[in-house]
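Heads up: the structure comes next, in structure tokens.
The values are calculated or read from the model by the stated rules, or taken from the named source; none is laboratory data. Here the structure is a predicted model, which is why all the values come from computation and not from measurement. Virtual Cβ from ideal backbone geometry, glycine too; neighbours counted across all protein chains shown.
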Amino acid sequence: FPIWRLGPVPSLLVSFKSAVGICLTGPFSPNTPPQQNKCTYIRQYHNLRPYIAVKKIPSFDPKQLPYWNIYEKEAKEDSILIGGTMAGEFTAGLSGGQRKILLFELIRQRIRHQSELLLCLDEPFAGVTDDFVPYIVEVLEEMRAKHNVLLVTNDHVSTLTGMADNTITVSALDRTKVKINGQEGVGRDLSLHAVATGKEYVHETSKDDLWFFFDVEVASNPALAGVAGFTTFVMILFIISYWNSAGSSTALVLVALQILCFFCINPYLIALSDWRNFMTEEAEALMHSSVGMNKALKSVLTLIVLLTISIFAFLMLKSVLPDRSIQDMGDWELWVAMLFDSASLTLPFICFGLYTSLPLQVVQILASFPFLFMIFFSTTFSPGAGLEGVKGLRFLFARFYLWCVIPGVMEGMEDCPKDNLTLYTVLSGCLGLFLFLGLQGVLYVVEMNKANAAAADFKALQGSDEFKQLQVEMKYVHTDGTPRGFGQTGVDYKDGYEATATEDSTITVSGGAEPPANEL
């Protein structure tokens, strides 16, 4: 496996790893299909959801971990969590080094029955004590026999150089060129494409993944318990504060209740961005099968939470207002209006939090716009006010149609529809979702065009003599262009290896035989 050996300046680490994305997901962005040379990837500091119990990871035997006997002796093997910090909350569990060993063993077990995969390991020794170095070396030896392993490291360089088939050194002085096995001046992008050889791991979806999601996100997720507890507390305060409200106060009571519903679910919505990032990194390390499936399940779970809070809130509203007031507003039709009024403020958090790669702060800003626009343009806080052109925007907000069912308020609302009020409420409540889907469709077409152009460039690069000769130099193919088996190791380039440049500055191998270390 090649070792990506960084140059003498530590600051290069970040800048060079941005380029490594070409060999990780091909020359396209990670969200763009089709992906070229997609690989299994362990980051230097890999994020895993800290509240996952190690024993609940599907199709994984934790007894193979070199430190697991410690927890068995302490009778903690059933309760030990992955641990770490997520959404500002620390969860006790495995140490950072133990989590890295967990990822190594997880991948080791996952790929055992597949071959010729592309594996990328970023600083595998970072945060790991010397006690576990022999274990990591053993795993690397096992992986290299059947797979293409790319490794970025600053630690234990002498040990790994002795194991590696190729050493690539990156200088901080010139980011456009790298040195491969002593050969200077090789283009960075060319080298990244050349080493990105291997298949994508095939993960078979099973009911174990569905049960894993339910077990982790529903049965044992502390976030749901927190939302349930906070909602119960808020609704108790609502009952004792608004008990025996007069029918004339219906609008004010309803506004207060809708605000409370938003605050009840908001902590869960804010955590979606971190959840998306952690879950995606788990998929990179083969913990579960599908990022898309998990996002869809999380979306459904969030909507169920919203639905539950809405039902709970409607029952609280019926308990504090006179029955006549509820009946005048349509009873269950009022609940539908309340639900989609809340959905209009909630769906943007789901869309931006789960289905983009935006950071938390940007997600909060963008997802808050519907709430702000509702205040400014729905005319529900000052019926009839506003400039003529601006007032026309009121028909885009579910809150406007909700106000059109409240006696004493509906009379002051301009142009309330006489028919299909519930239909308009539902459509306006989902307007943010429709706009987001339209935007995603446009972005998909743009990214597909970029991907096709990049794929054409990559195909042209593969046909170049320089690319072919570089793959021969790095022992990925024989001189006749046939692939070399992953178990066939090449020259061990030891310390002191010095390359002698030929006319074209690339290695030439004849007959498929392994050349001496000093032959070009």
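Restricting segment 374-433 to residues that are at positive phi and in contact (Cβ under 8 Å) with a residue 24 or more places away in the chain leaves a set whose member that is surrounded by the fewest Cβ atoms within 10 Å (Cβ to Cβ) is 384. Every condition in (1) under 22 Å from residue 221 (Cα atoms); (2) surrounded by fewer than 20 Cβ atoms within 10 Å (Cβ to Cβ) holds for residue 102 except the one numbered (2). Among the residues of segment 49-80, those identified as of a type outside the set (D, E, K, R), in a helix (DSSP H, G or I) and under 16 Å from residue 285 (Cβ atoms) are 54, 62, 64.
When the residues of segment 288-308 are filtered to those that are assigned to a helix (DSSP H, G or I) and of a type outside the set (A, V, I, L, M), the one that is surrounded by the fewest Cβ atoms within 10 Å (Cβ to Cβ) is 292.
Scan segment 208-216 and give yes if some residue there is modelled with pLDDT under 85, farther than 19 Å from residue 460 by Cα and aliphatic (A, V, I, L, M), otherwise no. No, every residue in segment 208-216 fails to be modelled with pLDDT under 85, farther than 19 Å from residue 460 by Cα and aliphatic (A, V, I, L, M). Among the residues of segment 233-255, is there at least one that is assigned to a helix (DSSP H, G or I), touching a Cys at 6+ places or on another chain (Cβ under 6 Å), in the same structural domain as residue 322 (by TED's automatic domain parsing) and at pLDDT 90 or above? Checking segment 233-255: at least one residue is assigned to a helix (DSSP H, G or I), touching a Cys at 6+ places or on another chain (Cβ under 6 Å), in the same structural domain as residue 322 (by TED's automatic domain parsing) and at pLDDT 90 or above. Of the helices (runs of 4 or more DSSP H) lying entirely inside segment 83-192, those carrying at least 2 residues that are hydroxyl-bearing (Ser, Thr, Tyr) are 157-163.
Only one of the listed residues (149, 157, 128, 170) is closer than 18 Å to residue 40 by Cβ and either buried (at least 16 other Cβ atoms within 10 Å of the Cβ) or of a type in the set (Val, Ile, Thr) (or both). That residue is 149.
Of all the criteria given as (1) modelled with pLDDT of 85 or more; (2) crowded, with 20+ Cβ neighbours inside 10 Å; (3) more than 20 Å from the chain's Cα centre (by Cα), the one not satisfied by residue 191 is (1). Screening residue 267 against (1) surrounded by fewer than 16 Cβ atoms within 10 Å (Cβ to Cβ); (2) over 20 Å from the mean Cα position of the chain (by Cα); (3) of a type outside the set (Gly, Ala, Ser); (4) at pLDDT below 95 leaves a single unmet condition, (2).
Listed by position, the helices (runs of 4 or more DSSP H) enclosed by segment 309-409 that each have at least 3 residues that are within 21 Å of residue 242 (Cα to Cα) are 323-328, 332-354.
For residue 204, the conditions (1) at pLDDT 85 or above; (2) over 19 Å from the mean Cα position of the chain (by Cα); (3) not basic (Lys, Arg) are fulfilled apart from (1).
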